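We did not get these values from a lab; they are worked out from the coordinates using the rules stated. Just so it is clear, the model here is predicted, and its values are computed rather than measured. Counting neighbours? That spans all protein chains shown, and the Cβs are built from the backbone with ideal geometry, glycine included.
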Amino acid sequence: MFLIDSHCHIDKLDYHRLHRDVTDVMEKAKTRDVRLILAVCTTLLNFENITAFIGCRDDILFSCGIHPLNIDEQLYDLLELRSIAARENVVALGETGLDYSNPQENKALQQEIFREHIRIGNEYNKPLIVHTRNARDDTIAILREGKADKCSGVLHCFTDDRDTAKVLLDIGFYISFSGIVTFRNAHVLHETARFVPLDRLLIETDSPYLAPVPYRGKENQPAYVRDIAEYIARLKDIKLEKLATATTANFCRLFHFNKPLCRL
């Protein structure tokens, strides 16, 4: 079986108490059939630091982007973003999007930078990793306006209802579920997970955040994506192996990953 953690902040794991190094993290993941992860960056400095920290590995891919909560003047440079996005080791643009959780945030600037991620994604044919919080309508409007269906992408850590999922699916996006889907009271999300077609579904940990049951409240890690996969397989009443095969194929299709999986 082959599982992929499609969204992980691997540089933020606890390397003082819980893990020796990145190799230790990946060894733990592979004992649970998690053989590939996407290391997601939230600032341009974060990208440079994380690629230096991890080095060149076949089992870790990279994205580059500017998180909507990291857009102060010191943390973004759109020319540099474009330059980094062109690199061969970058498979996606993001984490990008809109976050209106704090009324003081600069919505206009968030929207401007989100649009630029879409333009770059379309230019280089690299998919988007989209974060949205309290910004459903604006997120969808900007994706449509920017013709984001051209490069496609994923709405990561999805927490909304099936109607929102359908709109995103119609745009050509994938839906990714995190550990939140395993929470007992996440009834709306359970229904959404049942609704999303198997060929448009991804799984992620969003490590070190949002650990799934039975690790809720503890630090998350890529190995735990299996628990998310198992839970969604039960929701859909399918075998785990079928879900693993589908989500792996979806990941490889979306992120244009065509290396032999047997080598990982």
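Based on C-alpha pairs under 8 angstrom that are at least 6 apart in sequence, the chain has a relative contact order of 21 percent.
Each of Glu80, Glu88, Glu145, Glu204 was scored by other Cβ atoms within 10 Å of its Cβ. Arranged with the fewest first, they read Glu88, Glu145, Glu80, Glu204. If I model a spin label as a point 7 Å beyond the Cα along the Cα-Cβ vector, how far apart are those points for Asn125 and Asp72 in nm? According to this spin-label approximation, the distance is 4.0 nm.
Only lysine pairs 8 or more places apart, or on different chains, with alpha-carbon atoms under 22 angstrom apart are counted in the chain, and they number 16.
Within a 10 angstrom radius of the beta carbon, how do Thr205, Thr192 rank from fewest other beta carbons to most? Walk me through the numbers on the way to the answer.
Details: Thr205 30, Thr192 23.
Final ranking by Cβ density, sparse to dense: Thr192, Thr205.
With a/c under 1.5 counting as rounded, go ahead and sort segment 165-264 into rounded, prolate or oblate using the C-alpha gyration tensor (a ≥ b ≥ c being the square roots of the eigenvalues; past the cut-off, prolate if a/b is larger than b/c, else oblate). Because a/c hits 1.5 or more and a/b fails to exceed b/c, segment 165-264 counts as oblate. I need the shape label for segment 101-189. Rule: rounded when a/c is under 1.5, else prolate if a/b > b/c, else oblate, with a, b, c from the alpha carbon gyration tensor. Oblate is the answer for segment 101-189, as a/c is 1.5 or above yet b/c matches or exceeds a/b. Legend: ranking of residues Lys28, Lys239 from fewest to most surrounding C-beta atoms inside 10 Å; resulting order Lys239, Lys28.
Applying 0.36 nm per residue to the separation of Ile238 and Val188 and subtracting their alpha-carbon distance, the gain on full extension is 16.0 nm. Taking label points 7 Å from Cα along the Cα-to-Cβ direction, Leu79 and Ile171 give a separation of 3.0 nm.
From its DSSP helices (H runs of at least four residues, each -39,500 (n - 2.57)), the chain gives a residue-normalised ellipticity at 222 nm of -12000 deg cm²/dmol. Grouping the Cα pair distances of segment 3-263 into 5 Å bins from zero gives a pair-distance distribution of 1, 6, 14, 19, 21, 18, 13, 7, 1, 0 percent in increasing distance order. Modelled spin labels at Asn106 and Asn258, positioned 7 Å past Cα toward Cβ, are 4.1 nm from each other.
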